[in-house]
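Taking it in order: structure first as structure tokens, then the write-up.
The values are calculated or read from the model by the stated rules, or taken from the named source; none is laboratory data. In this text the structure is predicted, and so the values were computed from the model without any measurement. All Cβ positions, glycine included, derive from the backbone under ideal geometry; neighbour counts span all protein chains shown.
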Amino acid sequence: MIVVSDASPIITLSSVGQLQLLKLLYSKILIPNAVFSEITEVEKDLPGASELAGCDWITVKHIKDKILFKALIADLDTGESEAIVLAVEGNAQLFLADERRARNIATRLGINVIGVAGILIEAKRKNLIPEVKPLLNGMIRKSGFRISRELYNLILNTAGEK
């Protein structure tokens, strides 16, 4: 399975010590140069920066389709734009992203999308984590993961938690 990720799932999962869930669920992840740069910028000191250095299962790739990139950059940031281009170029089966505009555009381009909440639910269903709630709460606290109360409750309900 070809899986491409934007920065937010890597940063958010790293903030709660759960980056390995991506490896356990998907084996290999592709990210574009812009996502790698966004995460590893020294002055930002983001969760996931040091983890990326030692991940042989996350591969950084260059994008080729500059025309699609230029079309996307009008509505998205550089990392999101490059990640969508990489997903299109690689015929990815899955795109990991949380930002609504990026998710909508990827979906319109025929790419299946899952966010961090979906990743946590999938991890629980596969018995990789015992509960979603503590990780969800940690992401909100530690990485500023934004989620409405309604969606928070829906995620917990879907995970069979209260």
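Give me the residue from the stretch 39-78 that is under 13 Å from Arg103 (Cα atoms) and in contact with a helix residue (DSSP H, G or I) (Cβ under 7 Å, 6 or more places away or on another chain) and, out of that set, surrounded by the fewest Cβ atoms within 10 Å (Cβ to Cβ). Ranking the candidates gives Asp75 first. Screening Ala123 against (1) without any contact (Cβ under 8 Å) to a residue 24 or more places away in the chain; (2) assigned to a helix (DSSP H, G or I); (3) not acidic (Asp, Glu) leaves a single unmet condition, (1).
When only residues in the stretch 86-135 that are of a type in the set (D, E, K, R) and farther than 18 Å from Ile11 by Cβ count, which is surrounded by the fewest Cβ atoms within 10 Å (Cβ to Cβ)? Lay out the reasoning, then the answer.
Our first condition is that a residue be of a type in the set (D, E, K, R); within the stretch 86-135, this holds for 89, 98-101, 103, 108, 122, 124-126, 131, 133.
Pick out the ones that are also farther than 18 Å from Ile11 by Cβ and you get 89, 108, 122, 124-126, 131, 133.
Numbers: Glu89: 17, Arg108: 8, Glu122: 16, Lys124: 19, Arg125: 12, Lys126: 11, Glu131: 13, Lys133: 16.
Out of the qualifying residues, it is Arg108.
Cβ-Cβ contacts under 8 Å between residues 6 or more apart (or on different chains), taken from a first residue in the stretch 66-80 that is closer than 15 Å to Asn104 by Cα to a second residue that is assigned to a helix (DSSP H, G or I) and among the basic types (Lys, Arg), are listed as Asp75/Arg101; Leu76/Arg101; Glu80/Arg101.
For the stretch 39-92, filtered to residues that are within 22 Å of Met1 (Cβ to Cβ), among the acidic types (Asp, Glu) and assigned to a loop (DSSP other than H, G, I, E, B), the residue that is modelled with the lowest pLDDT is Asp56. Restricted to the stretch 136-154, and to residues there that are among the charged types (D, E, K, R) and more than 15 Å from the chain's Cα centre (by Cα), the residue that is modelled with the lowest pLDDT is Lys142. Of all residues in the stretch 1-32, those satisfying the criterion of being of a type outside the set (Val, Ile, Thr), assigned to a loop (DSSP other than H, G, I, E, B) and in contact (Cβ under 8 Å) with a residue 24 or more places away in the chain are Met1, Asp6, Gln18, Leu19, Ser27, Lys28.
Within the stretch 69-103, the residues that satisfy the criterion of being under 14 Å from Ala34 (Cα atoms), under 13 Å from the mean Cα position of the chain (by Cα) and aliphatic (A, V, I, L, M) are Ala83, Ile84, Ala87. Total residues in the stretch 136-155 satisfying the condition of being under 17 Å from Gln18 (Cβ atoms) and either surrounded by 11 or more Cβ atoms within 10 Å (Cβ to Cβ) or among the aromatic types (Phe, Trp, Tyr) (or both): the figure is 11.
Do we find that Glu82 is among the acidic types (Asp, Glu) and in contact with a Pro (Cβ under 8 Å, 6 or more places away or on another chain) in this structure? Considered against the rule, which asks whether it is among the acidic types (Asp, Glu) and in contact with a Pro (Cβ under 8 Å, 6 or more places away or on another chain), Glu82 comes out as yes.
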